[in-house]
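The values are calculated or read from the model by the stated rules, or taken from the named source; none is laboratory data. It should be emphasised that the depicted structure is a prediction, and the values quoted were computed from it without experimental measurement. Using ideal geometry, Cβ is built from the backbone for each residue, glycine included, and neighbour counts are taken over all protein chains shown.
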Amino acid sequence: MIRSSDQATETVVATLDDEIRICAPGNVKGWRTSPTTARLTWDEPYSTCPICPDAIGYEVSEAAITTKSLTRPPCEITGLNPGTEYVFQVTAIANALNVSTPSLYRLPVMPAPSQPGTPQLRLERCLRDVVLVAFCPPLERNQLPGLFERVAR
């Protein structure tokens, strides 16, 4: 590769012997859409980059899943375990011999749904035709205890 520059511009010229390696996908983002499903997306800078060849496809891989091949983002991934952290690799493909270095994305653990606790019922007061019962639902994180209902017989 021949590189020449002056103070104002820089010119890069590829010779026939050199092939420019396609850039890795940038700004990989991901989120869980459910406890067992995730979506990954990334930037596609290839159409605006004067040096990189255009990507003809992408591969998304992780040790615990089957590699997915696709032509454009986003990538929907199913069959995940809620309590497992995953590290995905996203590679861009220009041709059979020109594959980018992988971009890594760590998908955080999603806690598995917990079993509900046992609600607590407490007889508060019994009048002639009215019973006052205190009902305390099982507490989840960040919930306030206590719910009172009046029940008539």
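For the reader, a short list of remarks on this structure follows.
- Subset of region 90-103 (residues that are in contact (Cβ under 8 Å) with a residue 60 or more places away in the chain and assigned to a loop (DSSP other than H, G, I, E, B)): Leu97, Ser100, Thr101, Pro102
- Number of residues in region 48-89 that are over 15 Å from Thr101 (Cα atoms), part of a strand (DSSP E or B) and not aliphatic (A, V, I, L, M): the value is 7.
- Single unsatisfied condition, Leu80 versus (1) modelled with pLDDT under 90; (2) surrounded by 11 or more Cβ atoms within 10 Å (Cβ to Cβ): (1)
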